[in-house]
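Throughout, read-outs are computed from the coordinates displayed, never taken from laboratory work. Every value quoted in this text rests on a predicted model; they were computed, and no experiment measured them. Cβ coordinates were reconstructed from backbone atoms using ideal geometry, including for glycine residues, and neighbour counts include every protein chain displayed.
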Amino acid sequence: MQAATAHNLPGIQADCGGLMTCGTCHVLVREPHASQLPPPHADELAMLDFTATPRQPHSRLSCQITRTPALDGLTVDLPATQYQCLVAQVFPVSKALASCMMSLQMRLILQTPVPSLTHADSNRLMQPNTGLQMILEIADIRIHPGQQAAFEEAIQRAIATVASTAKGFEGFKVNKGIESPERYVLQIFWTTLEDHTAGFRQGPLFPQWRAIVGPFFAVPPVVEHFELVAKSD
C-alpha cells in the first residue's frame, strides 16, 4: 500500500494511512500469490465486510500485505472505486462487480521499484507514513427508534449528493451499533480540519446535509476530530 500511494497508483486510496479503519486499499490478489499470503486475521476480515466493492475469495487489504521476495511479480485487481459503490443497490451483485472492477498489473520490484529511486528510498516508502495526515471526523449519532432503514438510505444519499462534493472530502464509513441499534458512528476523512469546520459546516452545503439527515436525530450528534498518532506496521 505504501509504495502504491507514494507513486500515486490509481485505485488505492488508503485514507486511514494503513490503520485498517477505512477499507479503501481493497485489492483482489491473483494466483499464485493469493495462496502464498498469510491468511487474513480477524480484524482484516471484519474490515473487508465494509469495502465498497463486495468482498471476494481473494480480497485483501493491501496495507496488510508485507513485501517479501516471494511476492515479486504479485498481480492484483483493483476496484474502480474504493468508496461506497451505489451501483450494487441498483444492479445484482454480479453485474455490480463487473462494472466496478478493472485490472491493474502491479509488480513489486525488490531492488528498484522505480528507476529513479535508490534502495534506501524504497525501504523508506514502505515505512509508516510520517508526512501529512488527513483529519478524521467522528460523529456519534443517535436516531429515533424504528427509523434505521430510512436513516441508512438518507445518510448514504446525503454523502453521495452533498458531503462528497465538499472541498477536502476524502472518504467515509458508517457503522451501526449492535447493542444499540439506534446508534451510528459516522467517520469522514478530510484533507484539513478547516475543510470540515469552516468550508463545510459554515458553507451552503451544511444546511442541505442537515435537511436530509437531521430529522432522524434523537439528540444532537457528538462530533470530534482526530489525527493519527500511531499505527501498526
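Things worth noting here:
- When GLU170, GLU182 are checked against the criterion of being surrounded by 15 or more Cβ atoms within 10 Å (Cβ to Cβ), of a type in the set (D, E, K, R) and within 18 Å of the chain's Cα centre (by Cα), GLU170 stands alone in meeting it.
- Scan of segment 185-202 for residues that are surrounded by fewer than 19 Cβ atoms within 10 Å (Cβ to Cβ) and under 26 Å from ALA218 (Cβ atoms), ordered by number: VAL185, GLN187, THR197, ARG201, GLN202
- Total residues in segment 141-168 satisfying the condition of being in a strand (DSSP E or B) and either of a type in the set (Lys, Arg) or in contact with a Ser or Thr (Cβ under 8 Å, 6 or more places away or on another chain) (or both): the figure is 1.
- Checking every residue in segment 22-38 against the condition of being among the β-branched types (Val, Ile, Thr) and either under 16 Å from the mean Cα position of the chain (by Cα) or assigned to a loop (DSSP other than H, G, I, E, B) (or both) gives at least one match.
- For segment 177-227, a tally of residues being part of a strand (DSSP E or B), farther than 15 Å from GLU152 by Cα and of a type in the set (A, V, I, L, M, F, W, C) returns 6.
- Selection of segment 57-80 for residues being buried (at least 16 other Cβ atoms within 10 Å of the Cβ), part of a loop (DSSP other than H, G, I, E, B) and within 17 Å of the chain's Cα centre (by Cα) yields only ILE65.
- Filtered residues of segment 174-233 (kept if within 19 Å of ALA160 (Cα to Cα), touching a residue at least 40 places away in the same chain (Cβ under 8 Å) and β-branched (Val, Ile, Thr)): VAL185, ILE188, THR191, ILE212, VAL213
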